[in-house]
1. From A:GLU4, A:GLU58, which residue is surrounded by fewer than 21 Cβ atoms within 10 Å (Cβ to Cβ), under 25 Å from A:THR213 (Cβ atoms) and of a type in the set (Asp, Glu)?
2. Within the range B:254-262, identify whether any single residue is under 22 Å from B:LEU168 (Cα atoms) and surrounded by 23 or more Cβ atoms within 10 Å (Cβ to Cβ), and answer yes or no.
3. Kindly provide the set of residues from the range A:34-55 that are away from chain B (no Cβ under 14 Å) and closer than 14 Å to A:GLU4 by Cα, ordered by number.
4. Go over the candidates A:LEU95, A:LEU117 one by one and state the one that is over 19 Å from A:SER73 (Cβ atoms), outside the structural domain of A:PHE36 (by TED's automatic domain parsing), touching a helix residue (DSSP H, G or I) at 6+ places or on another chain (Cβ under 6 Å) and modelled with pLDDT under 90.
5. Just one of A:LYS97, A:LYS111 is of a type in the set (Lys, Arg) and either in a loop (DSSP other than H, G, I, E, B) or under 17 Å from the mean Cα position of the chain (by Cα) (or both); which is it?
6. In the range B:177-269, which helices (runs of 4 or more DSSP H) lie fully inside it and hold 3 or more residues that are at pLDDT below 95 and touching a Leu at 6+ places or on another chain (Cβ under 8 Å)?
7. Is it fair to say A:LEU45 is aliphatic (A, V, I, L, M), outside any strand (DSSP E or B) and surrounded by 15 or more Cβ atoms within 10 Å (Cβ to Cβ)?
8. Looking at the range A:15-41, which of its residues are in a strand (DSSP E or B) and within 22 Å of A:SER56 (Cα to Cα)?
Amino acid sequence: MSIEVRNLVKKFDDKVVINDISFKVSDGEVLAIVGFSGSGKSTVLKLISGLIPYDSGEILTSSGDIAMVFQYSALFDSLNVFDNISFALRERKDLRKKYSKNDLQKIVAQKLELVGLKGIENKFPSELSGGMQKRVSFARAIVTNPNTILYDEPTAGLDPMSSTLIEDYIVSLKHEINAASIVVTHQMSTILRTADRVIMLYDGKIVFEGTPTDLLKQDTPYTKQFVTASLEGPMKMKA
Amino acid sequence: MISLAQYIKKSATYKIFSNIFEECIKFLNTIGQIAQIGFHLIKCILRDGISFKELAYQCERFGISSLPITLSIVGMTSIIVSSQVANEMVKQGGADFIGLLMTILIVREVGAVMSGFAITSMIGSSLASELATMRVTEQVDAIDVLSVDSVGYLFIPRVLSGIIMMPLIVIVASAIGIVLGGITSNLFSGLTYRAYFTSVWLGLYMKDLFVSIIKSAVFGGAIALISCTCGYYASGGAKGVGIATTKAVVWSFIAIVVWDMVFAMLFFF
């Protein structure tokens, strides 16, 4: 077990946004959380990463770091790529004295090579394309060799080729560091190319759980509506 | 048929009082946020220490970039006051006290307060918009997810730079203000430099200097803490950044006036 979520509930004021959901993700497994906008997908990631507190339930994780790749990369725009990637190693109290400048340079170079961006240490985020920023944010996320990686819409806003590249990195990272990964997305290509399992959220509840192949079978009204992107079905778009 | 409760809710008086109540809640909420961050900041300093590299960068930003505007504002205020006062004082036979009056005015009040206003508009707004942008673009969340305390990382160097740099800026601005007061008095009322600066020494008390330095440090810390807190709790995109910046400037101005009143009561009553 790497992540186990049990009976998780989150309310904003009186509105229940996550309503008693439970799931597990094992080491080396990629779970895709899908659903229409406003279904609570990103909230689940924020709860697991500890950015927001939950009201009830449990989140159990194996010891080790949790990393997160944000939807819009969230690179520190006042720092260059080297400082962005080495940020946790330089600023975390338990790590800051562990690495020399040479060590940091080697680690950053190695992580950049892993995401196919050699030699851009001195560039600033504003000098990079959206796809490159996303890959740098991957490198920053994996710098501490986490055992859980959370991806918030990793391919949103990218062109198809960049999306494919990012999807390949998610799969290769799964093999490289054997981390448990959760990918929040609503892009079919990302689900099919990266996920081992899929859960679908609607109104804060899990309405489908299965493999990507099961999703494509459209056996339930929810999966049928999602795959066909239909406005007709049990899931209503919020105004 | 409209019920009494609905009628009351629709009335202008109800709306006015409900708005006042809402503003009071927001006011208390902001004070709570600033206090909470302040305590957390002290905890972070004791627990994690200080990053001197980042502190040096913030000191440079706080001091160097705000110096021209601060000196201009304090200097011009001094010119305005001395041009108004010098003629009258000479007419009333009080020419010997112009330097003394200007010194007390600048060291006790104008230097610190006008510098505070200048630094709020220059640095406070910049700190608030910087942190607010970091918040709405999830950079603050990214710091937290990387297991680095975002309050410690963002606030310690900024608040400490305010505490360190503000007294230095105020000392320089006050000195320039006093000198410009002398030049203006000479030009407008023919007062000799010797008479002016002899009088300046009479009005320069150690206690005033000490209070001015302490007050400036408090102003600097308050401006940085308030501005960073307003930015840190921003939400809602570009509009949220604008709201946070405005709030930071207004709250910093209020804090300067309130602290100035506290210091006046503590040391000069």
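The values are calculated or read from the model by the stated rules, or taken from the named source; none is laboratory data. These numbers were taken from a predicted model, which means no experiment stands behind them. Note that we place each Cβ from the backbone using ideal geometry, even for glycine, and neighbour counts take in every protein chain shown.
1. Details: A:GLU58 fails: under 25 Å from A:THR213 (Cβ atoms).
Within the list A:GLU4, A:GLU58, the selection yields A:GLU4.
2. Checked against the condition, which is being under 22 Å from B:LEU168 (Cα atoms) and surrounded by 23 or more Cβ atoms within 10 Å (Cβ to Cβ), the range B:254-262 yields at least one hit.
3. Start the filter on the range A:34-55 by keeping residues that are away from chain B (no Cβ under 14 Å), which leaves A:34-41, A:44, A:54-55.
Answer for the range A:34-55, where residues must be away from chain B (no Cβ under 14 Å) and closer than 14 Å to A:GLU4 by Cα: just A:VAL44.
4. When all the criteria are applied, what remains is A:LEU95.
5. Details: A:LYS111 fails: either in a loop (DSSP other than H, G, I, E, B) or under 17 Å from the mean Cα position of the chain (by Cα) (or both).
Selected residue: A:LYS97, the only one of A:LYS97, A:LYS111 that is of a type in the set (Lys, Arg) and either in a loop (DSSP other than H, G, I, E, B) or under 17 Å from the mean Cα position of the chain (by Cα) (or both).
6. Details: elements: B:193-203, B:206-232, B:237-268.
Of the helices (runs of 4 or more DSSP H) lying wholly inside the range B:177-269, those with at least 3 residues that are at pLDDT below 95 and touching a Leu at 6+ places or on another chain (Cβ under 8 Å) span B:193-203.
7. Values: aliphatic (A, V, I, L, M): yes; outside any strand (DSSP E or B): yes; surrounded by 15 or more Cβ atoms within 10 Å (Cβ to Cβ): yes.
Spelling it out, A:LEU45 is indeed aliphatic (A, V, I, L, M), outside any strand (DSSP E or B) and surrounded by 15 or more Cβ atoms within 10 Å (Cβ to Cβ).
8. At the first step, the residues of the range A:15-41 found to be in a strand (DSSP E or B) are A:15-25, A:30-34.
A:LYS15, A:VAL16, A:VAL17, A:ILE18, A:ASN19, A:ASP20, A:ILE21, A:SER22, A:PHE23, A:LYS24, A:VAL25, A:ILE33, listed by residue number.
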